[in-house]
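The block underneath contains the structure these notes are about, expressed in structure tokens.
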Amino acid sequence: MTKASDLFVQALENEGVEYIFGIPGEENLDLLNSLKDSKIRLILTRHEQGAGFMAATYGRLTGKPGVCLSTLGPGATNLVTPAAYAQLGAMPMLMLTGQKPIKKSKQGRFQILDVVDMMRPITKYTRQVVSGNNIPSIVREAFRLASEERPGAAHIELPEDVAAEESDEKVFEVNTIRRPSPDVKAVKEAVKMIEASKMPLLLIGAGANRQRTRTALQAFVEETKIPFCNTQMGKGVLDERQELFLGTAALSADDYLHHAINKADLIINVGHDVVEKPPFFMEHDRKKVIHINFFSAEVDQVYFPQLNVVGDIAESVEQITRLIDLQKHWDFSYYTKVHDEVESHITKYFKDERYPMLPQRIVNQIREILPDDGIVTLDNGVYKIWFARNYKCYESNTLLLDNALATMGAGLPSALAAKLIHPDKKVIAVCGDGGFMMNSQELETAVREKLHVIVIILNDNAYGMIKWKQEGMGFDNFGLDYQNPDFVKYAESYGAQGHRISSDADFSETLNKCLDTEGVHVIDCPVDYSLNHAILNVKIKEQADAL
């Protein structure tokens, strides 16, 4: 016989779990004791939300569910935001929560919520373990569903009396599930549509940001020379230094890229995820769209593809590449002009040395300094637009931004997870001052774990994204300004190293020094958002029409 909590840990080990991020409570003590002698590392965090963001980022980077742990009640409710973050962002994650005894309880309803039901709308799977004998099947099913396309969040509640039970069950074998191949007729129809079009354009979405897809899409682009663009969460699938790259759809409308998309008579939409609206609106009898994904398209008023190629994305693209013939009537001359115009537009402020620094300058400096495989994790703020538009990704999953839940507070925890997974890579978290303070306590986790991470705080003493929207909508400036702590002293209080930027030249020097010096570094960088409207309100339509 095996203690149920030991069996639970064996099931996690069987799934290849490396880390559990979280904060145990008394209801988790059996499980905690079982972890003591396990090869799984417990990463103790300072808030359950940070633990959830770390687990989700682990899933995003590895394709395997990251695991986080909390107690019942308030600990479990603190996982709601990370659950939504993973679910909307298609990041495989498993949450483990404790619970009071369910068979005999003398504590009334103290701290007791229906956590399973609470998690139901924001997970793919949520289940309470009512018998130790059910643990192997429940764990296997949670991992299967969390990993399966479309990936997302799963939740298991383990009550303390069940964790203490005995069981003679064994863990389930983990079998690889092969995704189905695309329908041959659909592939041939896709080839026919691409060959018949005059200005086809490849659009790479969040669902294409998977292993193997990069190789297949690069082969397609090299073979056909069809230009490509991406959504924010499709960044990095292909190297964005290529001449065929037209840019990232970082704005809702009326950027240079949108005009290129509007000119296209066929969009090859690979990995479209409904969490990111497509950067175009379909109209009947105009633009045609091929939807290539693991599942068919959800049809709405502005997205109703004429063809669905359903199956493993990489295999679908590979088959199309093998069958397609280059066409003399393809005309990419307009796209070439757009590429050149985009390059000129987004690089305009790269050399601007004013202080406080412009976000465009900061983006450029980070890109110039960071190695090709360095990882930048973003929190959420107006600077995310500038990173999406202006920061070129050379490798997949090197710019971790959230264009799904778009929550604040995830930037720092995501950086810690990225560094744990890739200890040999340089990792930088870029946070607004507002987002940083929402989970700044995880600096202690980073210091305790001896991680070499750099946190750049873009400091404007305000909720800058909302101020930008407030101004753009003609409202008075009200209710969004605050005062920050001394971030240098704040960092030092955790045992981290604090740095304050005092000039443009100081930024690159400081960042280089931090990248070369082990430890946790916090860089307080004043930022100037005053040109946001001026830059984004350029008369792009007239310029694009004149190309």
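The values are calculated or read from the model by the stated rules, or taken from the named source; none is laboratory data. Note that this is a predicted model, so its numbers are computed, not measured. As a convention, Cβ positions derive from the backbone with ideal geometry for all residues, glycine included, and neighbour counts pool all protein chains shown.
Say whether the condition of being among the β-branched types (Val, Ile, Thr) and either closer than 26 Å to LEU257 by Cβ or surrounded by 23 or more Cβ atoms within 10 Å (Cβ to Cβ) (or both) is met by at least one residue in segment 413-423.
Looking through segment 413-423, none of the residues is among the β-branched types (Val, Ile, Thr) and either closer than 26 Å to LEU257 by Cβ or surrounded by 23 or more Cβ atoms within 10 Å (Cβ to Cβ) (or both).
Residue check: is MET199 farther than 15 Å from SER316 by Cα and surrounded by fewer than 22 Cβ atoms within 10 Å (Cβ to Cβ)?
When the stated conditions are applied, MET199 passes them.
Of (1) of a type in the set (Gly, Ala, Ser); (2) in contact (Cβ under 8 Å) with a residue 12 or more places away in the chain; (3) part of a loop (DSSP other than H, G, I, E, B), ALA491 satisfies all except one. Which?
The failed condition is (3).
Go over the candidates GLY247, GLY236 one by one and state the one that is assigned to a strand (DSSP E or B), at positive phi and modelled with pLDDT of 90 or more.
GLY247
Taking LYS450, is it outside any strand (DSSP E or B) and on the phi > 0 side of the Ramachandran plot?
So LYS450 fits the description; yes.
All but one of (1) farther than 30 Å from GLY234 by Cα; (2) among the aromatic types (Phe, Trp, Tyr); (3) buried (at least 21 other Cβ atoms within 10 Å of the Cβ) hold for TYR85; state the number of the condition that does not hold.
(1)
Scan segment 293-343 for residues that are more than 28 Å from the chain's Cα centre (by Cα), under 27 Å from HIS259 (Cβ atoms), assigned to a helix (DSSP H, G or I) and among the charged types (D, E, K, R) and jot them down.
Residues satisfying the conditions are LYS337, ASP340, GLU341.
Just to check your reading of the model, which residue among ILE385, ILE366, ILE457 is of a type in the set (Val, Ile, Thr), part of a helix (DSSP H, G or I), modelled with pLDDT of 95 or more and closer than 29 Å to HIS345 by Cβ?
None of the others qualify; the one that does is ILE366.
Restrict the check to segment 129-143 and report whether at least one residue is outside any helix (DSSP H, G or I), buried (at least 20 other Cβ atoms within 10 Å of the Cβ), small (Gly, Ala, Ser) and modelled with pLDDT of 95 or more.
no
Quick check on LYS39: is it part of a loop (DSSP other than H, G, I, E, B) and either surrounded by 24 or more Cβ atoms within 10 Å (Cβ to Cβ) or over 20 Å from the mean Cα position of the chain (by Cα) (or both)?
yes
Output the number of residues of segment 443-489 satisfying the condition of being in contact with an Asp or Glu (Cβ under 9 Å, 6 or more places away or on another chain), surrounded by 13 or more Cβ atoms within 10 Å (Cβ to Cβ) and not polar (S, T, N, Q).
Qualifying residue count for the region: 11.
What's the number of the condition ILE385 fails, among (1) surrounded by fewer than 24 Cβ atoms within 10 Å (Cβ to Cβ); (2) of a type outside the set (Asp, Glu); (3) closer than 14 Å to MET54 by Cα?
(3) is the only condition that ILE385 fails.
Looking at segment 224-233, which of its residues are of a type in the set (A, V, I, L, M) and not in a loop (DSSP other than H, G, I, E, B)?
Residue satisfying the conditions is MET233 alone.
So which pairs qualify, if the first residue must be in segment 423-439 and farther than 14 Å from GLY464 by Cα, the second must be in a loop (DSSP other than H, G, I, E, B) and of a type in the set (D, E, K, R), the Cβ gap must be under 6 Å, and the two must be at least 6 apart or on different chains?
LYS425/ASP373
Scan GLU315, GLU353 and give me the residue that is farther than 19 Å from ALA249 by Cβ and touching a Pro at 6+ places or on another chain (Cβ under 8 Å).
Of the residues listed, the single one that is farther than 19 Å from ALA249 by Cβ and touching a Pro at 6+ places or on another chain (Cβ under 8 Å) is GLU315.
Would you check which residues across segment 42-82 are surrounded by fewer than 24 Cβ atoms within 10 Å (Cβ to Cβ), assigned to a helix (DSSP H, G or I), touching a helix residue (DSSP H, G or I) at 6+ places or on another chain (Cβ under 7 Å) and among the polar types (S, T, N, Q) and list them?
Within segment 42-82, THR62, THR81 qualify.
Pairs needed: first member in segment 274-303, surrounded by fewer than 17 Cβ atoms within 10 Å (Cβ to Cβ); second member anywhere, modelled with pLDDT under 85; C-beta distance under 6 Å; at least 6 residues apart or different chains.
Listed by first residue and then by second, the contacts come to VAL302/PHE281; VAL302/MET282.
I'd like to know if segment 469-479 contains one or more residues that are under 27 Å from the mean Cα position of the chain (by Cα) and either assigned to a loop (DSSP other than H, G, I, E, B) or within 29 Å of ARG41 (Cα to Cα) (or both).
The answer is no; no qualifying residue exists.
Output the residues belonging to segment 490-533 that are surrounded by fewer than 14 Cβ atoms within 10 Å (Cβ to Cβ) and on the phi > 0 side of the Ramachandran plot.
GLY495
Do you know which of the residues in segment 144-178 that are in a loop (DSSP other than H, G, I, E, B) and of a type in the set (A, V, I, L, M) is surrounded by the most Cβ atoms within 10 Å (Cβ to Cβ)?
VAL171
Residues of segment 148-163 being out of contact with any Lys or Arg (no Cβ under 7 Å at 6 or more places or on another chain) and more than 22 Å from THR123 (Cα to Cα), which ones?
VAL162, ALA163
Please find, within segment 7-28, the residue that is surrounded by the fewest Cβ atoms within 10 Å (Cβ to Cβ) out of those that are out of contact with any strand residue (DSSP E or B) (no Cβ under 9 Å at 6 or more places or on another chain) and of a type outside the set (Val, Ile, Thr).
Out of the qualifying residues, it is GLY16.
Which residues, counting only those in segment 13-36, are outside any strand (DSSP E or B) and in contact with a Ser or Thr (Cβ under 8 Å, 6 or more places away or on another chain)?
Listed by number, the residues that qualify are GLU13, ILE23, PRO24, GLY25, GLU26, GLU27, ASN28, ASP30, LEU31, ASN33, SER34.
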